[in-house]
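Throughout, read-outs are computed from the coordinates displayed, never taken from laboratory work. All of these numbers come straight from a predicted model, not from anything done at the bench. Cβ sites come from the backbone with ideal geometry, for glycine too, and all protein chains shown count toward neighbours.
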Amino acid sequence: MRKIQFLDTTLRDGEQSVGVNLNEHEKLEIAKQLVRLGIDAIEAGFPVASPGDFQAVKRVADEVKGAKIVGFGRATVGDIDQIYQAIKNAEDARIHIFLATSPIHLKYKLRKTEEEVIEAAVEMVKYAKKYFHDVEFSAEDAGRSELPYLAKVTKAIIDAGATVVNIPDTVGYMAPQEYGAMFKYLKENVSNSDKAIFSAHCHDDLGLAVANSLAALQNGADQIEGTINGIGERAGNAALEEIAVSLVTRQDYFKATSNMHLEQIARTSKLISKLTGMIVPGNKAIVGANAFAHEAGIHQDGVLKERSTYEIIKPETVGYFSNKLVLGKHSGRHAFRERLVTLGYSLTDEQIDTAFNKFKELTMKKKEIIDDDLIMIVDDLQLKEVEKQEKYELEYLHIAGDTSISTAMVRMTMPDGSVMEEAARGDGLVDAVYNAIDRISGMRLRLKDYQIKSVGDGRDANGTVYIKVEHEGVMFQGRGNSTNTLEASAKAYIDALNRMLARRDMLGKEGAKREIG
Ligand code: KIV
Ligand code: ZN
């Protein structure tokens with residue numbers, strides 16, 4: 001049976017989603033989880049985008065073992081040199097460079113002739129070959145390129161040493177049969193096509209990214225690129241979890257396998273949703289909250305009689321187990337540690353002690369502690385431990401108000417360790433809290449998005465608030481957890497403030513991101 005390789009670009013194309021700014025520690029955590037998921041190649045980022053991106057790619061390359069680490073950039077000497085510096089210590093490294101091949105991009109963006117583009121592509125693949133054995137070349141906007149020209153480019157870059165040829169549908173324009181036919185054409189008309197792996201990379205502007213990727217796979221693509229939860233530039237990328245589960249569920253049809261460990265899908269999806277602040281819609285295939293919920297009476301009756309009547313995938317297959325009570329306030333340290341081991345964590349004694357204290361605190365506020373609560377406690381602690389940045393922290397929050405007037409008093413630790421307190425009024429309680437924080441920080445952030453999601457169910461459930469704020473034209477995300485939604489709101493705002501401070505030296509990044517697809 002054919003084995004399909006998965007290249008995950010959550011940390012690169014996924015991070016190009018509007019308002020998503022992952023820090024170095026979050027990227028590292030995601031990369032480690034992608035290894036657990038069985039991803040073959042992790043595109044760690046775009047090192048030239050900013051010093052922070054360079055550092056994050058380098059840390060992933062230095063520390064993450066068990067998958068190929070891919071550094072991404074333009075087909076230029078400067079980008080290639082930087083990528084080499086960022087990923088040279090990886091256990092297994094690949095460079096991924098791109099140059100556009102469509103008439104629109106050649107005419108308006110590159111202002112180059114077809115010959116000039118081929119020459120530059122060949123020259124840069126040869127240059128990259130000096131550093132790397134494994135070189136992926138992307139013909140950007142391949143979907144709108146002319147096939148005979150694309151075939152010429154493909155032959156030339158394979159001759160120059162490219163090991164992977166990516167045919168991206170950069171603007172999500174293709175239809176499945178059409179995209180599949182492109183791969184068939186290239187495989188049949190490029191004389192050296194057997195010397196490289198062909199890769200599909202689809203965007204979801206018309207909602208066809210997964211269908212297009214599967215059509216490519218059926219026509220000779222042996223690598224599929226995409227992101228978890230389908231996040232990414234504009235409407236996003238192909239959702240890798242959907243493709244991986246399709247291959248298993250319809251193995252009879254696709255006749256292909258992968259290295260993916262499907263039972264890690266739920267954990268990966270939740271982690272990425274939490275760290276990017278991009279909440280997964282309830283009806284999203286595979287990872288949406290309703291993906292396995294049967295509402296209609298006839299369906300429920302059928303499922304009770306025989307699951308397969310209306311269920312083609314078992315929730316357990318992709319790592320969803322019923323959110324049962326796992327621990328309570330009488331649970332001891334031993335049971336707590338055992339549960340974390342089952343969830344895949346290996347913590348030091350000291351870490352277990354801190355996590356256990358947090359767990360006990362939570363049992364005072366919440367009767368039933370479920371796996372998602374434990375995951376939240378440990379993930380937050382791990383991130384806190386590695387983030388040594390000096391930052392704002394919430395000390396105390398007091399609110400008062402009725403329908404006409406709301407006031408908040410906030411006390412915070414400042415990045416220099418001093419403590420400040422301010423009170424403010426607002427148009428509602430959240431507004432009052434945010435006004436008080438603005439007074440303390442001396443900065444005014446514009447709130448662009450506010451969402452709240454519960455972890456588990458019940459009135460005492462933990463809530464996570466996800467926000468997006470804008471400051472001087474740049475968007476920042478923030479997230480905060482608490483059993484109290486106003487405290488979670490304050491923490492989210494302070495988190496965004498801290499991200500803004502950490503990235504203040506990188507304000508050019510959004511501009512750099514916009515250059516690529
Ligand atoms: O969509 C795209 O074309 C990309 C790169 C592979 C250039 O993200
Ligand atoms: Zn892309």
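What would the Debye formula give as log10 I(q)/I(0) at q = 0.16, 0.19 Å⁻¹ for the alpha-carbon point model of the range 330-450, no solvent?
Debye output, listed in q order: -0.93, -1.02.
Which FRET efficiency, nearest 0.05, do Tyr108 and Asp301 yield, Cβ-Cβ r, R0 56 Å?
Values: r = 58 Å, r/R0 = 1.04.
Approximately 0.45, to the nearest 0.05.
Can you give the Kirkwood hydrodynamic radius of the chain from its Cα pairs, in Å with one decimal?
Taking every pair of different Cα atoms in the chain, averaging 1/r and inverting gives 24.5 Å.
In whole angstrom, note down how far apart the Cα centers of the range 249-295 and the range 406-467 are.
Using only Cα atoms, the two centres lie 32 Å from each other.
Find the centroid of the Cα atoms in the range 150-225 and in the range 48-99, then give the distance between the two in whole Å.
Using only Cα atoms, the two centres lie 23 Å from each other.
Going by average Cβ neighbours within 10 Å, how do the peptides 162-168, 315-321 rank, with the highest at the top?
162-168, 315-321
From the mean inverse distance of alpha carbon pairs (Kirkwood) and the Cα radius of gyration, derive Rg over Rh for the range 393-509.
Reported Rg/Rh, Kirkwood definition of Rh: 0.97.
So how do 303-312, 262-271 stack up, highest first, on mean other-Cβ count within 10 Å?
262-271, 303-312
Just to confirm the number: angle between the C-alpha axis of helix 371-386 and the first principal axis of the chain, 0 to 90 degrees, nearest 10?
It is inclined by approximately 80 degrees.
Give the angle, between 0 and 90 degrees and rounded to the nearest 10, that separates the Cα long axis of helix 24-37 from the longest principal axis of the Cα atoms of the chain.
Helix 24-37 and the main axis of the chain meet at about 70 degrees.
Applying the Karplus parametrisation 6.51 cos²θ - 1.76 cosθ + 1.60 with θ = phi - 60° to the phi angles of the range 341-356, what ³J(HN,Hα) value in whole Hz is obtained for each residue in order, glycine and proline being reported as x?
Using θ = phi - 60°, the values come out as 4, 4, 7, x, 9, 10, 10, 6, 4, 5, 5, 4, 4, 5, 5, 5 Hz.
Can you tell me the order of 489-495, 13-19, 377-383, 448-454 when each peptide is scored by its average per-residue count of other Cβ atoms within 10 angstrom, highest first?
Those peptides, ordered most packed to least, come out 489-495, 13-19, 377-383, 448-454.
Going by alpha carbons, how many degrees (0 to 90, nearest 10) lie between the helix axis of 485-502 and the longest principal axis of the chain?
50
For n ≥ 4 DSSP H runs only, could you compute -39500 (n - 2.57) per run for the chain, divide by its residues and tell me the 222 nm figure to the nearest 500?
-12500 deg cm²/dmol
With the cut-off at 15 Å, report for the range 10-65 the share of all Cα pairs above it, as a whole percent.
Value for the range 10-65: 40 percent of Cα pairs lie more than 15 Å apart.
Can you tell me the dipole magnitude for the chain around its Cα centre, using point charges on the Cβ only (Lys, Arg +1; Asp, Glu -1), in Debye to the nearest 20? Present the calculation step by step, with values, prior to reporting the outcome.
Working: 66 positive and 77 negative charges, 55 e Å.
Charge dipole of the chain: 260 debye, to the nearest 20.
Show me, for the range 434-442, the HN-Hα J-couplings you get by feeding each phi into the Karplus relation (A = 6.51, B = -1.76, C = 1.60, θ = phi - 60°), rounded to Hz, glycine and proline as x.
Result, rounded to whole Hz: 5, 5, 5, 5, 4, 4, 5, 7, x.
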